[in-house]
Amino acid sequence: MATPKTFAIRTFGCQMNEHDSERLAGLMVADGMVPAENDADADVVIFNTCTIRENADLKLYSALGQLKAVKEQRPDMQIAVGGCMAQKDRGEILERAGWVDVVFGTHNLSAAPALLKRAREDGPLVEILDAPDPEANRDMAPALYAVRELPFAAWMTIQTGCDNTCAYCIVPSVRGEEISRPFDDLLREAEMLVGTGVAEITVLGQNVNSYGRDITKRGPLFAKLLRALGEIDGLERIRFTSPHPKDLRPETIEAMAETKAVCPQLHLPLQSGSNRVLRAMRRGYSAERYMERLNSARDTIADLAVTTDLIVGFPGETDAEFDESLEVIAAAEFDSAYTFIFSPRSGTRAAEMTDDFVADEVIRERFERLKEVLDRSALRKHEAREGKREEVLVEGPSRRNDQMLSGRTRQGKLIHFPVTDEPLRAGALVMVDVTHGAPYHLLGELSSVVRGPRHKVRIALLRS
Ligand code: SF4
């Protein structure tokens with residue numbers, strides 16, 4: 001029997017890309033290939049690219065540059081570039097890196113295996129679609145075969161694209177307008193995933209809480225989807241990312257509160273707490289409106305943890321506006337936050353605001369002050385968990401200490417607890433008593449085992 005060809009996937013960017021890479025790996029495995037130990041040995045290397053940040057190009061072309069010499073030694077090796085940068089740059093990638101074999105986009109990921117075969121016959125290929133192929137979009141295979149890092153936790157894409165026009169964001173131009181996947185397809189996919197032993201599903205979209213608006217042409221279906229997923233027997237945890245604050249509706253908050261499987265965790269990107277900056281960002285809400293929605297969610301959903309995204313140094317942001325923003329952020333008491341330094345992305349409105357770019361040293365100083373405010377509220381939130389008993393989905397041995405196990409609470413918090421005589425494996429559900437709250441994680445003691453793992457062990461994916 002011929003030795004199967006090997007592949008490696010380098011993933012850049014967000015969870016959507018992480019999930020796309022899992023699906024890509026599943027397609028390559030279904031095509032008879034196996035994951036390689038590392039890029040240099042792989043017969044096929046696929047780059048799943050991101051284009052959010054300015055240096056994304058630099059990262060990709062330096063990685064491609066490193067592989068040029070390897071390919072000269074092994075001319076049979078194939079290199080493919082997919083994802084958001086491929087969708088944006090298209091044939092330009094072949095012009096800049098002529099040793100690449102295939103360029104495919106965000107809408108035709110499932111074509112990758114076939115394109116690689118064709119390129120072996122016909123030479124380098126560029127195939128980009130401007131919108132998802134509805135039939136390919138309904139194909140369940142990529143999700144079923146997806147090679148997940150955590151076999152008991154899965155991502156499920158419910159929508160592609162985004163109809164918003166945030167001034168700093170390139171996503172709408174590379175992922176197109178919002179297209180929701182059919183409601184019944186999502187329920188079928190979720191049932192199928194639970195059937196393979198998945199206990200937790202995170203639904204993915206650029207703007208999940210507007211899911212279904214393009215189907216109904218009226219209101220979104222997101223609240224209805226959460227409730228329907230909550231009916232699936234065996235689905236213990238439902239999470240979602242990313243909602244948009246302006247579309248966070250009361251029925252979604254109620255569905256979160258009333259659906260047992262929906263975890264008490266809300267990621268609600270604020271970006272800035274200054275109304276003038278929010279307008280310039282074209283975010284579509286004020287700081288007051290944001291806080292209203294946040295407080296309504298906290299009042300309705302018990303034990304809710306809230307995380308956010310924040311940008312420092314958006315063009316034109318003054319000292320006074322940054323102070324204003326810090327006040328709102330302090331008042332919001334976030335459990336944690338992803339913080340970004342503004343990065344002009346060509347093709348966005350904000351990239352044109354060159355006269356108003358904020359000086360690097362000013363941005364660094366603001367970033368430090370923001371970190372202080374966030375660390376203070378994160379520590380307070382974690383210390384408040386001390387003495388509580390948390391339900392934890394075990395992810396495996398701690399990366400720092402193999403005498404400790406790690407997992408996630410229902411709020412999504414990372415918790416570590418000592419190994420005991422109890423033979424616990426990844427995917428087990430346990431109760432842990434919290435003994436200490438640290439800024440970025442919790443520590444605890446095992447209290448009891450709810451159940452053992454339910455999934456079948458699958459192949460692990462390489463991570464970049
Ligand atoms: S909501 Fe705004 S930031 Fe998010 S993907 Fe859409 S345009 Fe980009």
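Within segment 217-235, the set of residues being more than 16 Å from the ligand (Cβ to nearest atom) and surrounded by 22 or more Cβ atoms within 10 Å (Cβ to Cβ) comprises Ala223, Leu225, Leu226, Leu229.
In segment 263-276 there is at least one residue that is more than 16 Å from the ligand (Cβ to nearest atom), under 30 Å from Phe322 (Cβ atoms), open to solvent by 10 Å² or more (accessible area, probe 1.4 Å) and more than 20 Å from the chain's Cα centre (by Cα).
How many residues are touching a residue at least 12 places away in the same chain (Cβ under 8 Å) and surrounded by fewer than 17 Cβ atoms within 10 Å (Cβ to Cβ) when one looks only at segment 200-216? Residues that pass the stated criteria total 2.
State all residues of segment 421-435 that are open to solvent by 60 Å² or more (accessible area, probe 1.4 Å) and either farther than 30 Å from Ala257 by Cβ or out of contact with any Leu (no Cβ under 7 Å at 6 or more places or on another chain) (or both); if no residue qualifies, say none.
The initial filter retains those residues of segment 421-435 that are open to solvent by 60 Å² or more (accessible area, probe 1.4 Å), namely 421-423, 425, 435.
Selection gives Asp421, Glu422, Pro423, Arg425.
Residue count for segment 15-32, restricted to those that are in contact with a helix residue (DSSP H, G or I) (Cβ under 9 Å, 6 or more places away or on another chain) and either open to solvent by 20 Å² or more (accessible area, probe 1.4 Å) or charged (D, E, K, R) (or both): 7. Taken across segment 28-43, residues that are assigned to a helix (DSSP H, G or I) and over 25 Å from the mean Cα position of the chain (by Cα) do occur, with at least one present. Of all the listed residues (Lys260, Lys246), the sole one being surrounded by fewer than 19 Cβ atoms within 10 Å (Cβ to Cβ) and either of a type in the set (S, T, N, Q) or more than 14 Å from the ligand (Cβ to nearest atom) (or both) is Lys260. Restricting attention to segment 350-366 and to residues that are in contact with a helix residue (DSSP H, G or I) (Cβ under 9 Å, 6 or more places away or on another chain) and closer than 17 Å to Cys166 by Cβ, the residue that is most open to solvent (accessible area, probe 1.4 Å) turns out to be Asp356.
Residues that are open to solvent by 50 Å² or more (accessible area, probe 1.4 Å) and within 16 Å of Arg283 (Cβ to Cβ) within segment 311-337 comprise just one, Glu324.
For segment 160-183, enumerate the residues that are more than 16 Å from the ligand (Cβ to nearest atom) and modelled with pLDDT of 95 or more.
Here is the first cut: in segment 160-183, the residues more than 16 Å from the ligand (Cβ to nearest atom) are 181-183.
Across segment 160-183, the qualifying residue is only Phe183.
Are any residues in segment 184-212 under 19 Å from Leu226 (Cα atoms), polar (S, T, N, Q) and more than 9 Å from the ligand (Cβ to nearest atom), and if so, which ones? Can you show your working first?
Keep residues of segment 184-212 that are under 19 Å from Leu226 (Cα atoms), which gives 184-195, 198-212.
Cutting the leftovers down to polar (S, T, N, Q) gives us 202, 206-207, 209-210.
Listed by number, the residues that qualify are Thr202, Asn209, Ser210.
Screening Val203 on (1) assigned to a strand (DSSP E or B); (2) farther than 18 Å from Asp20 by Cβ shows it passes everything except condition (2). Of the residues Arg410, Arg400, the single one that is open to solvent by 20 Å² or more (accessible area, probe 1.4 Å), more than 23 Å from Val328 (Cα to Cα) and touching a Cys at 6+ places or on another chain (Cβ under 9 Å) is Arg410.
Quick one: is Pro269 farther than 29 Å from Glu149 by Cα, touching an Asp or Glu at 6+ places or on another chain (Cβ under 9 Å) and assigned to a loop (DSSP other than H, G, I, E, B)? Here the answer is no, as Pro269 does not meet what is asked. Return the residues of segment 427-453 that are touching a Phe, Trp or Tyr at 6+ places or on another chain (Cβ under 7 Å) and in a loop (DSSP other than H, G, I, E, B); say none if nothing qualifies. Gly427, Pro453 - these are the residues of segment 427-453 that are touching a Phe, Trp or Tyr at 6+ places or on another chain (Cβ under 7 Å) and in a loop (DSSP other than H, G, I, E, B).
The values are calculated or read from the model by the stated rules, or taken from the named source; none is laboratory data. Just so it is clear, the structure is predicted and the values come from calculations on it, not from any experiment. Counting neighbours? That spans all protein chains shown, and the Cβs are built from the backbone with ideal geometry, glycine included. Surface areas here come from the heavy atoms of the whole protein model, side chains and all, with no ligands, DNA or RNA. Shrake-Rupley method; radii C 1.70, N 1.55, O 1.52, S 1.80 Å.
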